[in-house]
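To start, the structure itself, in structure tokens.
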Amino acid sequence: MLALLLAALPVIFWNQGPETAVALKQNGIEQMLVPAERLQAWKSTGLVVRGITTAEWSALEEALAPGVDRQVQVASATRSPYLIANGWRFIRNRSAKYRYTLPAGKSALAAAESYAYGADAALQIETADLEPAGKMLAFLRGLPVADLPGVSDLAVVDDQHPLVGEVMNLLARRNLLFATATAPDPRYPINIRIGSKEYPEDEAANPSEFALKIRRQLTDERRSVRLYGSETVLCRLTGDDTRIRLHLLNYRGGKVDGLRIRLRGAFRKGQACSDQIGEIPLENFAVSNGATEFSIPVMNLYAVIDLQREK
């Protein structure tokens, strides 16, 4: 039952008693995980609840609270924002189930992040986050279903080398779309195996420079998606031969204005929406030279863009 509950939307893990049921319902939260020892007390509230033991909770893989690490940002010589994002973890281990333990202000972004990557995730949230969590879950429930595979431009050979995780993290934070593989995959023009002649350990030990090297090898023209106008919006692209869905996640919080997007391939103008905003227009839409470009005037924490491929 735990697996079934986690497999749909991200689910709230609620560590308080049934006296809080009214507040949960008022914020649209009607299914939860609760501590197993409190399950009986919750059953009369009318909410859909499942118990989880302390051991089961601990066995879930830990995901970090998403956002901008401002301490790292201040210490950085480049002043580039240091993003805490879990997408690379979800790509690396798609079969795992995850748990977030979130401070106030992080629940909505965590819910969107786990949903965008199709991760099985449970979110332990603060009381102050009931409203934003409920609003984000309502937004996610209202999105059209689009069970599409991830789009990748390169592969990372995951041989459990100690530097592999950080390399994946930096690639994801540069919006360089990758898949994981157990051996070099001929479907991709670039296969990164740390410790090989082409990708030695000493280069991988500087992940930022390493990610720049990969970007130059791939070239911007071969990238499936490029974003302009924000250093704190990360993307996940999914699609098949007929359509794509682009997920945009804003890790700084607040609204982002004037984001420009370039997609490799020809697409018809489609639909876009964002939490707290609703439908958003695709402006200055143009298809030329094998690429599609457009702008969105604003997004909040999470935006979804659905496009059909030109035939």
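Of the residues Leu123, Leu83, Leu39, which exhibits the maximal mean-square fluctuation in a Gaussian network model of the chain defined by a 10 Å Cα contact cut-off?
Per the Cα network of the chain with a 10 Å cutoff, Leu39 tops the list.
Spelling out what I want: for every residue of segment 114-123, take phi, set θ = phi - 60°, compute 6.51 cos²θ - 1.76 cosθ + 1.60 (Karplus), and round to whole Hz; glycine and proline get x.
Result, rounded to whole Hz: 5, 5, 4, 9, x, 8, 7, 9, 10, 10.
Quick one: of the DSSP bridges fully inside segment 144-269, what percent are antiparallel, nearest 5? Mind dumping the intermediate values first?
Details: 12 of 18 bridges.
Restricted to segment 144-269, the bridges split so that about 65 percent are antiparallel.
Quick one: length gained pulling Asp240 to Leu39 fully straight, 0.36 nm per residue minus the C-alpha distance? Don't skip to the answer; put the middle values down first.
On the way: separation 201, 0.36 × 201 = 72.36 nm, distance 4.21 nm.
68.1 nm is the gain from fully extending Asp240 to Leu39.
Computed FRET efficiency, Cβ-Cβ of Ala286 and Ala104, R0 41 Å: what is it to the nearest 0.05?
So, using R0 = 41 Å, E works out to roughly 0.45.
Of the heavy-atom accessible surface of the chain (probe 1.4 angstrom), what whole percent is carbon and sulfur? The partial results should precede the final answer.
Details: 7070 of 14580 Å².
After summing per-atom areas, the C and S share lands at 48 percent.
So what J values fall out for segment 262-274 if you push phi through Karplus, 6.51 cos²θ - 1.76 cosθ + 1.60 with θ = phi - 60°, rounded to Hz, Gly and Pro as x?
10, 10, 6, x, 9, 9, 8, 4, x, 10, 9, 8, 9
Under 5 Å between amide hydrogens, which residues at least 5 positions from Val156 or on another chain qualify, with H placed 1.01 Å from N in the peptide plane?
So Val156 has HN proximity to Ala179, Thr180, Ala181, Ile192.
Using amide H atoms built 1.01 Å from N in the peptide plane, name the residues 5+ places from Gly51, or on other chains, whose amide H lies under 5 Å from its own.
Val34
Taking every DSSP beta bridge with both residues inside the chain, roughly what % is antiparallel (nearest 5)? Walk me through the intermediate numbers first.
On the way: 41 of 65 bridges.
Bridges in the chain that DSSP calls antiparallel: roughly 65 percent.
As a test, work out the antiparallel percent of DSSP beta bridges whose residues both lie in segment 41-161, rounded to the nearest 5. Could the numbers behind the result be given before it?
On the way: 2 of 10 bridges.
Of all bridge pairs located within segment 41-161, approximately 20 percent are antiparallel.
Under the definition of Cα pairs under 8 Å and six or more residues apart, what whole-number percent is the relative contact order of the chain?
Details: 616 pairs, mean separation 43.2, N = 311.
Result for the chain is 14 percent.
With θ taken as phi - 60° and the coefficients 6.51, -1.76 and 1.60, list the Karplus ³J(HN,Hα) couplings across segment 158-175 in order, rounded to whole Hz; mark glycine and proline as x.
Once θ is set to phi - 60°, the couplings for segment 158-175 become 9, 9, 6, 4, x, 8, 4, x, 5, 5, 4, 4, 5, 4, 4, 6, 9, 6 Hz.
Order these peptides, 258-264, 171-177, by their mean beta-carbon neighbour count within 10 angstrom, highest first. Present the calculation step by step, with values, prior to reporting the outcome.
On the way: 258-264: 18.0, 171-177: 20.7.
Ranked from most to least packed, the peptides come out as 171-177, 258-264.
Quick one: if the Förster radius is 51 Å, what FRET efficiency do Gln16 and Leu163 give, using the C-beta to C-beta distance and rounding to 0.05?
Values: r = 41 Å, r/R0 = 0.81.
Using R0 = 51 Å, I get an efficiency of 0.80.
When the gyration tensor of segment 225-309 is built from Cα positions, what are the square roots of 5 times its three eigenvalues, in whole Å, from largest to smallest? Present the calculation step by step, with values, prior to reporting the outcome.
Values: eigenvalues 81, 32, 28 Å².
Whole-Å semi-axes of the equivalent ellipsoid: 20, 13, 12.
Scan around Lys97 for amide H atoms under 5 Å from its own, H built in the peptide plane at 1.01 Å from N, and keep only partners 5 or more places away or cross-chain.
Glu61
Under a Cβ-only charge scheme (Lys and Arg +1, Asp and Glu -1), can you give me the dipole magnitude of the chain about the Cα centre, in debye to the nearest 20?
Working: 37 positive and 35 negative charges, 122 e Å.
It comes to approximately 580 debye.
Could you tally up the Lys pairs in the chain with alpha carbons closer than 24 Å? Skip any pair fewer than 8 positions apart unless they're on separate chains.
Within the chain, the lysine pair count is 11.
Under 8 Å for C-alpha pairs, at least 6 residues apart: give me the relative contact order for segment 131-247, rounded to a whole percent.
Details: 140 pairs, mean separation 35.9, N = 117.
Normalised by residue count, the contact order of segment 131-247 is 31 percent.
Based on the Cβ-Cβ distance from Arg260 to Ala205, what FRET efficiency comes out when R0 is 45 Å, to the nearest 0.05? Walk me through the numbers on the way to the answer.
Values: r = 34 Å, r/R0 = 0.75.
The value I calculate is 0.85.
The values are calculated or read from the model by the stated rules, or taken from the named source; none is laboratory data. Every value quoted in this text rests on a predicted model; they were computed, and no experiment measured them. Cβ sites come from the backbone with ideal geometry, for glycine too, and all protein chains shown count toward neighbours. Accessible surface areas use protein heavy atoms only, side chains included; no ligands, DNA or RNA. Shrake-Rupley method; radii C 1.70, N 1.55, O 1.52, S 1.80 Å.
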